[in-house]
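Undergrad: Input: one structure, supplied below.
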Amino acid sequence: RARSVGRAALSLSAARHAPAKLRRTVRMVMAVGAVIAVALAMAAEVQGYAMTRAGGANFVSGLSTFSSSSSLTGLPLSSRACRARSVGRGALSLSAAQHAPAKLRNDLMVRVARGEKAEKTPVWLFRQAGRHLPEYEAYKKETGCNFLQLLDDPKHVAECTMQPIRRYNLDAAILFSDILVVAEALGIKVEMPGGKGITVPHPLASPSEVSTRIPASIDVKDKLSHVIDAVKLIKKELDGKVPLIGFSAAPWTLMYYMVGGSSKKNQENGERWLKEHPVESQKLLDILTSTVIDYMSAQVEAGADMLQVFEAMGDFISRDSFYKYAMPCMEKIAKELRARHPNVPLLVFPRGATYSLVDLQQVGYDVVTMDTACPREETRTALKLAADKNTPPNLARAPAALQGNLDVKLLARGASTKEEVREAARKLLEELGAGALIANLGEGLTGKEDPELVATFIDSIHEISEKMLAK
C-alpha cells in the first residue's frame, strides 16, 4: 500500500508543466502521499510488537519529525521507507532498553562460579532475608501477613528479598521463598502453625496416592506464576546492583516432606518409602525432578542470574539410598539446566550429605557447598584431585568453587564479639584460600543472630580477602 500511494504521488508530479493552481495541488498530494507512506512503513515495522508508553511517544515523535521534514519529501520512496524503518527500530530499541535487565555492577559471584578471578571473595548468606532482621519483623506486623502469606504476593517477596541487600554489603540477593512451593504447586497443602515450622498436614498416606494425588506434570509458569512475577520485580528493584539467585529444593528433600510431613516428626518415612515402595518412590522423584527443572528454568527466563539447588534433608537418607535415588535426580537437573541455560552458574548444597560434593562437581555443578561439619582443606584437595583425573562438565572445566561454611552459632546475639567473628572469617579464608570461594554459612540463619555480627562477618570477608588476593 505504501508503494502504491508513493507511485500515485510520483505520477502526479509529472504534471510539472501544468497551470500553477494544479502544481500547488500536486505538491500537496505529494506531501500527503509521503506522510502516508512513512506511516504505513513504520506501522508495518512495528506490527506485532507491544509498544510501551515511552516507545509509543517516540513513535509519534518520529512520525511528526519525518512528516514535517523538508528533506524527506525530496527522497525517493525507497529511501523514505528505509528511513521510516530506522525510526521504528529506534523507538523499539529504546523501549527494549528501558525494560532490559540492567548490567551487573557487582558480578563477583558470577565470576567466581565460572572459574574466573576476582579481586575479593564474594559473600552471601543462607536465609539472609527474614526473621533475623528487625525490618522483616516490622514488615510482617505492618502487613499482617505470616511467612507463607508473604510468599503469595510478588510485592511482598520483592521487599523481603531487598531488605538484606539494603542493610548489608552482600554480593548477591536470593529469592525470598520456601523450599516447599514446588510441593504446593503439585497439590500438596503446606501450613505454618505457630512455633512448629512449616508442615505438610496431609502427606501421602500410601504409594497409590502418587498416582491419585500427584499430577504427572504441571505448567510451572501457571502454578508458580506469582514466584516468576516476583523474580521479575526483584530484578527491576535490584537494577543491576548484585546478581539474583533463584532456587529450588531438590527432589529428595521435596519427597521427604511429601511423605513425612515435617522436619521434626516422621523422619524415617522417606527412607522407608525408598526401601518398601521403590517403584512409586522413583515415580514421585521423576515427577519432582521434571518439575524442579522447569521451575528453575522459568526463574532464569524471568531474570535469575544463578541457580541454587538445596538438598536440605541429606541427614535423613542413607548413603546408599542417596546414590541410588537422590544423586541421579541431581545429575539430571544439572545436565538439563546446563543444556537450557549454558552460561548460568549452578550451585548445590547437600546438607548432611557432603560426602557427595566431589560427585556433584563431576556431574557439572559449578559451586558445591560445605555444611558446618565438612572439613575444609580436605574437601578442597578432594575436588582438585577428582577434576585433575577427569575434567568436570562445569563452566570452569576445573575444580568447582567452594561455598560455606561459617558456623552460624558464632553470629547469635551474645555468642561472640566482633573481633571473634572477624578472626573466624580470617580462619575460613586461610583454610580454604580466598580464591574460588563464595563465603557463606554451614546452614541458614535461624533468627537469633545479631545483625551487627552478621555485618562484621560480611565486611571482614571482603577486607581480609582483598588483601590476600592482592599479594
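The values are calculated or read from the model by the stated rules, or taken from the named source; none is laboratory data. Source: prediction; values computed, not measured. Cβ sites come from the backbone with ideal geometry, for glycine too, and all protein chains shown count toward neighbours. Accessible surface is based on the protein model in full, side chains and every heavy atom, while ligands, DNA and RNA are left aside. Shrake-Rupley method; radii C 1.70, N 1.55, O 1.52, S 1.80 Å.
Undergrad: Determine, yes or no, whether GLN308 is part of a strand (DSSP E or B), touching a residue at least 60 places away in the same chain (Cβ under 8 Å) and either closer than 28 Å to VAL123 by Cα or open to solvent by 10 Å² or more (accessible area, probe 1.4 Å) (or both).
TA: yes
Undergrad: Going through the stretch 434-471 one residue at a time, which ones are under 22 Å from ARG351 (Cα atoms) and more than 27 Å from the chain's Cα centre (by Cα)?
TA: LYS448
Undergrad: Ok, one more. Is it the case that some residue within the stretch 264-282 is assigned to a loop (DSSP other than H, G, I, E, B) and surrounded by 20 or more Cβ atoms within 10 Å (Cβ to Cβ)?
TA: Looking for residues that are assigned to a loop (DSSP other than H, G, I, E, B) and surrounded by 20 or more Cβ atoms within 10 Å (Cβ to Cβ), one finds none in the stretch 264-282, hence no.
Undergrad: Residues to consider are LEU224, LEU244, LEU204, LEU238; find the one that is open to solvent by less than 30 Å² (accessible area, probe 1.4 Å), under 24 Å from ARG272 (Cα atoms) and not β-branched (Val, Ile, Thr).
TA: LEU204
Undergrad: Going through PRO215, PRO193 one at a time, which residue ends up being part of a loop (DSSP other than H, G, I, E, B) and either modelled with pLDDT of 95 or more or among the aromatic types (Phe, Trp, Tyr) (or both)?
TA: None of the other options fit; the residue is PRO215.
Undergrad: Still on this structure: Any idea which of SER290, SER318 is among the hydroxyl-bearing types (Ser, Thr, Tyr), open to solvent by 10 Å² or more (accessible area, probe 1.4 Å), more than 24 Å from VAL112 (Cβ to Cβ) and touching a residue at least 60 places away in the same chain (Cβ under 8 Å)?
TA: SER290
Undergrad: From the set of residues in the stretch 339-386 that are more than 27 Å from the chain's Cα centre (by Cα) and of a type in the set (S, T, N, Q), which is most open to solvent (accessible area, probe 1.4 Å)?
TA: Going through the qualifying residues, I end up with THR381.
Undergrad: Here's another thing I want to ask about it. How about the stretch 339-439: which helices (runs of 4 or more DSSP H) wholly inside it have at least 2 residues that are without any contact (Cβ under 8 Å) to a residue 12 or more places away in the chain and β-branched (Val, Ile, Thr)?
TA: It comes to none.
Undergrad: In the stretch 113-171, what residues are of a type in the set (Phe, Trp, Tyr) and outside any helix (DSSP H, G or I)?
TA: Across the stretch 113-171, the qualifying residues are TRP124, PHE126, TYR168.
Undergrad: Of all residues being among the hydrophobic types (A, V, I, L, M, F, W, C) and in a loop (DSSP other than H, G, I, E, B) in the stretch 311-338, which is farthest from the chain's Cα centre (by Cα)? Just the residue, please.
TA: Among residues in the stretch 311-338 that are among the hydrophobic types (A, V, I, L, M, F, W, C) and in a loop (DSSP other than H, G, I, E, B), the one farthest from the chain's Cα centre (by Cα) is ILE317.
Undergrad: Right, something else. Out of all the residues in the stretch 131-153, which are surrounded by fewer than 22 Cβ atoms within 10 Å (Cβ to Cβ) and touching a Gly at 6+ places or on another chain (Cβ under 7 Å)?
TA: Matches in the stretch 131-153: ARG131, TYR136.
Undergrad: Further question on the same structure: I'd like to know if the stretch 284-293 contains one or more residues that are among the acidic types (Asp, Glu), over 25 Å from GLN403 (Cβ atoms), modelled with pLDDT of 95 or more and under 25 Å from the mean Cα position of the chain (by Cα).
TA: yes
Undergrad: Considering GLU423, GLU419, GLU463, which residue is within 20 Å of PRO122 (Cβ to Cβ), modelled with pLDDT of 95 or more and either out of contact with any Pro (no Cβ under 7 Å at 6 or more places or on another chain) or open to solvent by less than 10 Å² (accessible area, probe 1.4 Å) (or both)?
TA: Result of the check over GLU423, GLU419, GLU463: GLU463.
Undergrad: Of everything in the stretch 231-263, what is part of a helix (DSSP H, G or I) and more than 22 Å from GLY197 (Cβ to Cβ)? Give them in sequence order.
TA: VAL231, LYS232, LEU233, ILE234, LYS235, LYS236, GLU237, LEU238
Undergrad: Which condition breaks for HIS156 when tested against (1) free of Cβ contacts under 8 Å to residues at least 40 places away in the same chain; (2) in contact with a Gly (Cβ under 9 Å, 6 or more places away or on another chain)?
TA: (2)
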